[in-house]
1. Examine segment 144-156 for a residue that is more than 17 Å from residue 242 (Cα to Cα), in contact with a strand residue (DSSP E or B) (Cβ under 7 Å, 6 or more places away or on another chain) and buried (at least 24 other Cβ atoms within 10 Å of the Cβ), and state whether such a residue exists.
2. Out of the residues in segment 210-239 that are touching a helix residue (DSSP H, G or I) at 6+ places or on another chain (Cβ under 6 Å) and surrounded by 23 or more Cβ atoms within 10 Å (Cβ to Cβ), which is nearest to residue 115 (Cα to Cα)?
3. Would a scan of segment 5-17 turn up a residue that is under 17 Å from the mean Cα position of the chain (by Cα), part of a helix (DSSP H, G or I) and at pLDDT 95 or above?
4. Filter segment 109-126 for residues that are of a type outside the set (Val, Ile, Thr), farther than 16 Å from residue 170 by Cα and surrounded by 18 or more Cβ atoms within 10 Å (Cβ to Cβ) and give the result.
5. Got a sec? Which of 106, 50 is closer than 17 Å to residue 165 by Cβ and buried (at least 22 other Cβ atoms within 10 Å of the Cβ)?
6. Considering every residue within segment 91-113, establish whether at least one is of a type outside the set (A, V, I, L, M), more than 30 Å from residue 266 (Cα to Cα) and in contact (Cβ under 8 Å) with a residue 60 or more places away in the chain.
7. Only residues that are of a type outside the set (Phe, Trp, Tyr), part of a loop (DSSP other than H, G, I, E, B) and under 30 Å from residue 24 (Cβ atoms): list them for segment 103-124, please.
8. Go through segment 21-67 residue by residue and tally those that are β-branched (Val, Ile, Thr), within 16 Å of residue 2 (Cβ to Cβ) and within 16 Å of the chain's Cα centre (by Cα).
Amino acid sequence: MGDCMLTPAQHKQAAQLLLQAERQAKPVKQLDETFPGMEIADSYAIQKEVLAAKLAAGSQLRGHKIGLTSKAMQNIQGINEPDYGFLLDDMFFSDGDTIPVDRFIVPRVEVELAFILNKPLKGNNVTLQDVLRATEYVQPALEIVDGRTMYPRRIVDNIADNAASAGIVLGGRPVRPMDIDLRWVGCLLYRNGVIEETGVSAGVMGHPARGVEWLAKKLAAFDTSLEAGSVILAGSFTRTVSVQAGDTIHADFGELGGVSVYFSNSGGK
């Protein structure tokens, strides 16, 4: 991870900028312009400050998301591993929901599988099999991603900004992890009846559970584990599709069913 270049006071200051951007649905300047020399370790420290502020305000931690799991996305960002963020209770939507688009700044959607754990995962020797054993079920999901700092931006901004996570929609058919070959879960992503993206979940590090394995090992360095009951978004296997008011998004996961949401232009925060 390297060392932090910023002070704890600067981490708090950066977190406040991100929280303000989210509240006002207006992006702030790229953090690495406001805080030059910021490193990836700073980004995670800032993300932690945002999480602490939200938990203090009454939000509850429900799980984590893993981002930038594909080689292509990592190359674009100039990094060689994924990143991660947190999922709070107020980020969850249900299949069929109408979602107010003005809650977000530049909303986009991605197709993922969510792993719901019934046993904790901890330590840097977690294996793929451990992940499958600890998973109660896997369920289709859409992730809503957003940017609370301006684009274009580098990886340090993306990580500080909760790895761009803004919402999660669970739907379709939950399956036990060994009942199907998770690598071959495919998805057709429709916007207003037109297929915009297609993908297969092996695009996530060869197996979608690999992302969960990576995260468990990563958090072990901070003496943190993935708790039983956590929802882990394992990483997108399509490119992002932007949405605006009036758009209907439908993700068809074949035998695992579908997830649909409608984006409306009213409703405020």
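1. no
2. Taking segment 210-239 first, the residues touching a helix residue (DSSP H, G or I) at 6+ places or on another chain (Cβ under 6 Å) are 212-213, 226, 232, 234-235, 237.
So of that shortlist, the ones also surrounded by 23 or more Cβ atoms within 10 Å (Cβ to Cβ) come out as 212, 226, 232, 234-235, 237.
Values: 212: 8, 226: 11, 232: 5, 234: 7, 235: 11, 237: 15 Å.
Step by step, filter segment 210-239, then rank; the result is 232.
3. No, because not a single residue in segment 5-17 is under 17 Å from the mean Cα position of the chain (by Cα), part of a helix (DSSP H, G or I) and at pLDDT 95 or above.
4. 121, 122
5. Every option except 50 fails the conditions.
6. No, there is no match, as no residue in segment 91-113 is of a type outside the set (A, V, I, L, M), more than 30 Å from residue 266 (Cα to Cα) and in contact (Cβ under 8 Å) with a residue 60 or more places away in the chain.
7. 105, 106, 107
8. Number satisfying all stated conditions: 0.
The values are calculated or read from the model by the stated rules, or taken from the named source; none is laboratory data. Just so it is clear, the model here is predicted, and its values are computed rather than measured. Every residue, glycine as well, gets a Cβ built from its backbone with ideal geometry; the counts of neighbours run over all protein chains shown.
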